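The structure appears right after this line, and notes come after that.
The values are calculated or read from the model by the stated rules, or taken from the named source; none is laboratory data. Everything quoted here is computed from the prediction, not taken from an experiment. We place every Cβ from the backbone using ideal geometry, glycine too, and count neighbours over all the protein chains shown.
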Amino acid sequence: MPKPLTVAVLAGTALLVRRAMRRRIRTSPLWPMPALEEPVSGRPRSRALRVLVASREEVAEGVVRLRLEGRDLPGWEPGAHLDLVLPSGLVRQYSLCGDPEDGSSYTVAIRLVADGRGGSREVHEQVREGMELEVRGPRNRFPLVAAPSYVFVAGGIGITPVLPMLRALGEGVEWRLLYCGRDRASMPFLEEVEKLGGDRVSVVEGVPDLDGLLADVPEGAAVYCCGPEGLMAAVAERFPHVQLERFTPRASTGGAFEVELRRSGRTLTVPADSTVLAAVRAELPDTAYSCEQGFCGTCQQRVLEGEVEHRDELLTDAERADSMLICVSRARSDRLVLDM
C-alpha cells in the first residue's frame with residue numbers, strides 16, 4: 001500500500017496561480033508556490049452570459065466537444081467548471097477543458113448518459129453549431145494546488161478537468177496520470193494526453209488495478225481523481241486527502257424528519273426516500289430550484305434552527321453555518337426550521 005499522503009497546501013490567490021501557470025513553471029526553486037490563504041469558493045453568478053456554439057465535434061464515442069464563444073468572458077483556472085443552461089431550462093455543470101488564456105471562448109466536453117437525467121441527451125440531440133446558450137460561472141471547487149508532485153486518476157469523461165492541469169504544469173513538474181476507460185475509442189483526448197505525458201501516462205482499458213498502479217505514490221504528492229463514483233470511492237479509500245470532482249449528487253436519502261417553514265406557518269415531513277425540496281415544493285410550488293444536485297445554489301435557504309447534514313458541493317463553511325441547499329442536504333436532528 002502507498003505511504004500516507006500529507007495534505008497538499010492550497011496555492012494562494014487566483015492571481016498568483018494565473019501568473020505561475022502562464023510561466024509554465026519549469027525550475028524547482030519556484031515550486032511549490034508559497035502557501036497563502038485558501039481562496040473562498042465562488043458563488044454562482046447571478047448574471048447569465050450569452051454564448052454562441054461556435055463548433056460541435058465528436059471527440060470520442062458518445063462524447064461531444066462544444067466551443068462556446070462570447071464577449072468579456074470571466075477568466076478561469078484549471079479545474080474550473082461552467083453552468084450550462086440548456087434550451088429546456090435544465091442547468092448542468094461541465095468542466096472547462098480548453099485554454100484558460102483564451103478569453104473569447106469556453107470549451108466543454110459532454111458524454112451521453114443514456115440512463116441519466118436528460119441533460120446530456122439534450123446536449124447531444126438538440127445543441128448544434130450556431131445556437132445561442134446561456135452559461136453561468138465559471139467556478140472552481142477542484143483547484144490545482146501547490147505540491148512537490150502530482151498523481152491524477154481520470155475515468156473516461158473525468159479527464160476534462162485534469163487536462164488543463166497537465167498542460168499548465170509543464171515539463172519541469174513531476175506528475176503522472178492513470179487514465180482508464182471502457183476502451184480507447186470511448187476515452188476523449190486520449191491522443192493529446194499520451195503525446196503530452198509520454199511514459200508518465202498509464203492507459204487502462206477496463207477496471208484498473210489501483211493497488212498495483214498506485215503503489216509507489218510519493219509522500220506529499222497531491223492526488224486528484226475525477227470519474228465514475230466507484231472509481232472515486234476506491235481512490236479515496238486509499239488516499240484520504242484526494243481532491244475529488246463530482247458531477248453527480250451523493251445520495252439524498254436518510255431518516256425521516258420534520259421541517260418547519262417559519263414564515264409560511266407550515267410543518268412538513270420529509271420521508272426517508274425523498275428530499276426537503278420535494279416536500280417544500282408540494283406546499284410551495286413556486287420554490288426556485290434548478291440542478292437538484294447540490295451544485296448550482298438556486299435552492300439555497302436560510303436555516304433558523306436544527307443541525308444540517310450538508311451534502312452539497314458548493315457552499316463554503318461560513319455559508320453552511322446558517323443555510324443549506326434543500327435539494328440534497330438533510331437534517332442531522334429530528335427537526336429543521338427554515339426561513340420560508
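Is at least one residue of segment 246-260 of a type in the set (D, E, K, R), surrounded by 15 or more Cβ atoms within 10 Å (Cβ to Cβ) and over 25 Å from GLY89 (Cβ atoms)? Within segment 246-260 (the criterion being of a type in the set (D, E, K, R), surrounded by 15 or more Cβ atoms within 10 Å (Cβ to Cβ) and over 25 Å from GLY89 (Cβ atoms)), the answer is yes, since at least one residue qualifies. Listed by position, the helices (runs of 4 or more DSSP H) enclosed by segment 159-228 that each have at least 3 residues that are free of Cβ contacts under 8 Å to residues at least 24 places away in the same chain are 190-197. The set of residues in segment 90-111 that are over 17 Å from VAL53 (Cβ atoms) and not hydroxyl-bearing (Ser, Thr, Tyr) comprises GLN93, ASP99, PRO100, GLU101, GLY103, ARG111.
Report yes if some residue within segment 244-263 is within 29 Å of LEU82 (Cα to Cα), assigned to a strand (DSSP E or B) and at pLDDT below 95; otherwise report no. Checking segment 244-263: at least one residue is within 29 Å of LEU82 (Cα to Cα), assigned to a strand (DSSP E or B) and at pLDDT below 95. Quick check: is even one residue across segment 180-199 at pLDDT below 95 and either in contact with a Lys or Arg (Cβ under 8 Å, 6 or more places away or on another chain) or surrounded by 17 or more Cβ atoms within 10 Å (Cβ to Cβ) (or both)? So far as segment 180-199 goes, yes, one or more of its residues are at pLDDT below 95 and either in contact with a Lys or Arg (Cβ under 8 Å, 6 or more places away or on another chain) or surrounded by 17 or more Cβ atoms within 10 Å (Cβ to Cβ) (or both). The residues of segment 81-127 that are among the hydroxyl-bearing types (Ser, Thr, Tyr), surrounded by fewer than 17 Cβ atoms within 10 Å (Cβ to Cβ) and touching a helix residue (DSSP H, G or I) at 6+ places or on another chain (Cβ under 9 Å) amount to a single one, SER88. Residue count for segment 58-80 under the criterion of being within 12 Å of GLY98 (Cβ to Cβ), crowded, with 21+ Cβ neighbours inside 10 Å and touching a strand residue (DSSP E or B) at 6+ places or on another chain (Cβ under 6 Å): the result is 4. Scanning segment 282-296 for residues that are in contact (Cβ under 8 Å) with a residue 24 or more places away in the chain, over 23 Å from ASP334 (Cβ atoms) and among the small types (Gly, Ala, Ser) yields one hit, SER290. Applying a threshold of 7 Å to beta carbon distances and a minimum spacing of six or more residues, or different chains, the list of pairs starting in segment 297-313 at a residue that is within 9 Å of LEU338 (Cβ to Cβ) and ending at one that is part of a loop (DSSP other than H, G, I, E, B) and of a type in the set (A, V, I, L, M) reads GLN301/ILE326; GLN301/MET340. When the criteria are applied in full, GLY220 fails the requirement of being touching a strand residue (DSSP E or B) at 6+ places or on another chain (Cβ under 9 Å), among the small types (Gly, Ala, Ser) and either under 29 Å from VAL280 (Cβ atoms) or at pLDDT 95 or above (or both). Cβ-Cβ contacts under 9 Å between residues 6 or more apart (or on different chains), taken from a first residue in segment 135-154 that is in contact (Cβ under 8 Å) with a residue 40 or more places away in the chain and assigned by TED's automatic domain parsing to the domain that holds GLY98 to a second residue that is assigned to a strand (DSSP E or B) and among the basic types (Lys, Arg), are listed as VAL135/ARG50.
Taking segment 288-297 as the range and being surrounded by 18 or more Cβ atoms within 10 Å (Cβ to Cβ) and at pLDDT 85 or above as the test, no residue passes.
Filtered by the rule that a residue be in a loop (DSSP other than H, G, I, E, B), within 19 Å of the chain's Cα centre (by Cα) and over 12 Å from THR298 (Cα atoms), segment 313-327 gives GLU313, THR316. The number of residues in segment 100-151 being over 14 Å from GLY79 (Cβ atoms) and part of a loop (DSSP other than H, G, I, E, B) comes to 17.
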